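Read-outs: derived from the displayed coordinates by stated rules, not from any lab. Just so it is clear, the structure is predicted and the values come from calculations on it, not from any experiment. Because the Cβ atoms are built from the backbone with ideal geometry, glycine has one as well, and the counts that use them run over all protein chains shown.
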Amino acid sequence: MKVSGLTIARTAVLAAALINQVLILLGINPLPFSDNDIYETVSVCCTAAASIWAWWKNNSFTKEAVKADEYLRNERRRK
């Protein structure tokens, strides 16, 4: 029986989170950054992800572009 790499990774992340919680309960801060640092990092990651997603997707704003999208969808359905 072979255990998948994803199972091992999930278990390792869970173990790290549990160890971190125990250390915090004991008054030890094992991570060298503040809550504000975490907030800023998450905020930057969300902004970057939203920017990339919006850039990557086909954003049709004009009436002609919307019609062209509909035409392409209909052509794909016919095949």
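Looking at segment 54-68, is at least one residue part of a loop (DSSP other than H, G, I, E, B), surrounded by fewer than 10 Cβ atoms within 10 Å (Cβ to Cβ) and basic (Lys, Arg)? Yes: one or more hits. The combined condition, being outside any helix (DSSP H, G or I) and surrounded by 10 or more Cβ atoms within 10 Å (Cβ to Cβ), is not fulfilled by SER43.
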